[in-house]
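What follows is a single structure, written as structure tokens, with notes after it.
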Amino acid sequence: MSDSWKSPTTIIAIITLLLSICGNVFQYYNFQFDKQKWEVEKQTAINQNNDLRKRLDVFLEKEDLKKGRLEELKAEIDNMTISIENLTKEISAATFIAQMATLTTLNNESSDQEKDDAVARSEAALDRTKELTKSKERLIEHKKEKELEYNRILNQ
């Protein structure tokens, strides 16, 4: 019986058992290595996801600021448009006053005092027309600047 372990079947069984043990040890360490590798990949993916979320938050915040600024500019431009229309009406009214005063000076039935008053009204109306025209031109330039800024932000 002492030599029975030397039989080919027993030796093959022992070798198979040793190979099986070595295979299991190899699989265990390979699994541990894969597990560590997977943990590293998982953490890398989590970090990338967190980075993308931060970048998205920054982008959305910038978009909100951009949208808010665009709304402000739009309101300013709309107000300027209304102001330009009002200035145009005032210029027309001042021009009309100047024309009426000029007609009074040409009227032969008007007294000298009425003609002098009409000349003064005409000059005042013309001065007012010049002031309003300058204000309107400045406002138009300012409006153009705001429109350029609006378009620049919109196209970013």
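Condition check: among the polar types (S, T, N, Q), over 18 Å from the mean Cα position of the chain (by Cα) and surrounded by 11 or more Cβ atoms within 10 Å (Cβ to Cβ). Does Ser122 satisfy that?
On the way: among the polar types (S, T, N, Q): yes; over 18 Å from the mean Cα position of the chain (by Cα): yes; surrounded by 11 or more Cβ atoms within 10 Å (Cβ to Cβ): yes.
So Ser122 fits the description; yes.
For the condition out of contact with any helix residue (DSSP H, G or I) (no Cβ under 9 Å at 6 or more places or on another chain), among the charged types (D, E, K, R) and either open to solvent by less than 50 Å² (accessible area, probe 1.4 Å) or closer than 30 Å to Lys66 by Cα (or both), what is the one hit in Glu141, Glu149? Explain how you work it out, then say what you get.
On the way: Glu149 fails: out of contact with any helix residue (DSSP H, G or I) (no Cβ under 9 Å at 6 or more places or on another chain).
None of the others qualify; the one that does is Glu141.
Confirm whether Lys66 is within 19 Å of Leu148 (Cα to Cα) and open to solvent by less than 100 Å² (accessible area, probe 1.4 Å). Give the derivation first.
Details: within 19 Å of Leu148 (Cα to Cα): yes; open to solvent by less than 100 Å² (accessible area, probe 1.4 Å): yes.
Taking the combined requirement at face value, the residue satisfies it.
Condition check: free of Cβ contacts under 8 Å to residues at least 40 places away in the same chain and of a type outside the set (D, E, K, R). Does Thr16 satisfy that?
Yes.
Kindly indicate whether any position in the range 37-51 is more than 42 Å from the chain's Cα centre (by Cα) and open to solvent by 100 Å² or more (accessible area, probe 1.4 Å).
Residues of the range 37-51 more than 42 Å from the chain's Cα centre (by Cα): none.
No: zero hits.
Return a yes/no flag: does the range 77-84 have any residue that is touching a residue at least 60 places away in the same chain (Cβ under 8 Å), part of a helix (DSSP H, G or I) and not β-branched (Val, Ile, Thr). So that I can check it myself, show each step before the final result.
If we filter the range 77-84 for residues that are touching a residue at least 60 places away in the same chain (Cβ under 8 Å), which is where we start, we get 77, 80-81.
After this cut, where a residue has to be part of a helix (DSSP H, G or I) as well, the list is 77, 80-81.
With the extra rule that they be not β-branched (Val, Ile, Thr), the set shrinks to 80.
Yes, the range 77-84 has at least one match.
Across the range 1-17, what is the total count of residues that are open to solvent by 80 Å² or more (accessible area, probe 1.4 Å) and modelled with pLDDT under 80?
Matching residues across the range 1-17 total 5.
Looking at the range 62-78, is at least one residue over 30 Å from His142 (Cα atoms) and not basic (Lys, Arg)? Give the steps one after another, and end with the answer.
Applying the first criterion (over 30 Å from His142 (Cα atoms)) to the range 62-78 yields none.
Scanning the range 62-78 turns up no residue that is over 30 Å from His142 (Cα atoms) and not basic (Lys, Arg).
Could you list, in sequence order, the residues of the range 83-113 that are modelled with pLDDT of 85 or more and loosely packed, with under 15 Cβ neighbours inside 10 Å?
Within the range 83-113, Glu85, Asn86, Thr88, Lys89, Ser92, Ala93, Phe96, Gln99, Met100, Gln113 qualify.
The values are calculated or read from the model by the stated rules, or taken from the named source; none is laboratory data. Keep in mind that what you see is a predicted model, and the values were worked out from it rather than measured. Methodologically, a virtual Cβ is constructed for each residue, glycine included, from the backbone with ideal geometry; neighbour enumeration extends over all protein chains shown. Heads up: the accessible areas ignore ligands, DNA and RNA and are worked out on the full protein's heavy atoms, side chains in. Shrake-Rupley method; radii C 1.70, N 1.55, O 1.52, S 1.80 Å.
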